[in-house]
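Take a look at the structure set out below.
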């Protein structure tokens, strides 16, 4: 009788496991973390861009603790300001607040991971109990529209709501395109400004693609390119997506190796690293 009960229990466990594996129970459902919201507010003023970022990340279980490390990038020609990171407990009450001075700064390393002209600010937060919410906001001020970043709506974990609001002068010329299923914008006017809003809800986590490097998986995002931009004395005019590539080519021309130069030559190693560093920041 006892053996029969153990056998039945084993069968039930097996059936439950099979049902979970065939009913969409995936790593996404069991990640232990999700973005409640990812929002951006961008404003163009001349050749400059001001970007206010506000994200809310919920960590519901210990298995989601890998996502409690906040990393903010500050490229060259950019200012990182107004950093506020607040941790909220299960009842919604604030547990602790951090500022930029509490973060660890990493910059000035000439390697292929941390470039000499990019600083990264890192902070690992903690909470006594799960679930907890990490609410973080900051402002990036770009001195050139050439550095206009593309907001990523989709991440490795689910995103409940993502929204990008862009405010530009009525006579401002630029191009944009949606990738990875990102929605088209709604466009309204307010005085001398045009306001574009891209908004999505219930975005699933990015699927794993074998043999594809991180950062280039087809995520839902929006890309921008201004018709005119300036950076370090260079002036670019982008009338289509090809001309922006030609502008990249012109900026990097001084870093190109000649046809007679061998990549195996140790003397070119430092030059190669500097070129990669310059190109990455652009």
Legend entry - Whichever residue in segment 132-157 is at pLDDT 95 or above and farther than 15 Å from residue 45 by Cβ and, among such residues, is surrounded by the most Cβ atoms within 10 Å (Cβ to Cβ): 134
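When you scan segment 76-86, do you find a residue that is at pLDDT below 90 and either assigned by TED's automatic domain parsing to the domain that holds residue 139 or surrounded by fewer than 15 Cβ atoms within 10 Å (Cβ to Cβ) (or both), even just one? Lay out the reasoning, then the answer.
Going through segment 76-86, the residues at pLDDT below 90 turn out to be 76-77.
Now narrow it down to the ones that are either assigned by TED's automatic domain parsing to the domain that holds residue 139 or surrounded by fewer than 15 Cβ atoms within 10 Å (Cβ to Cβ) (or both): 76-77.
So far as segment 76-86 goes, yes, one or more of its residues are at pLDDT below 90 and either assigned by TED's automatic domain parsing to the domain that holds residue 139 or surrounded by fewer than 15 Cβ atoms within 10 Å (Cβ to Cβ) (or both).
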Inset, instruction - Could you please let me know if residue 42 is more than 17 Å from residue 158 (Cα to Cα) and touching a strand residue (DSSP E or B) at 6+ places or on another chain (Cβ under 7 Å)? - result: yes
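The values are calculated or read from the model by the stated rules, or taken from the named source; none is laboratory data. Since the model is a prediction, treat every value here as computed from it, not as a measurement. Virtual Cβ from ideal backbone geometry, glycine too; neighbours counted across all protein chains shown.
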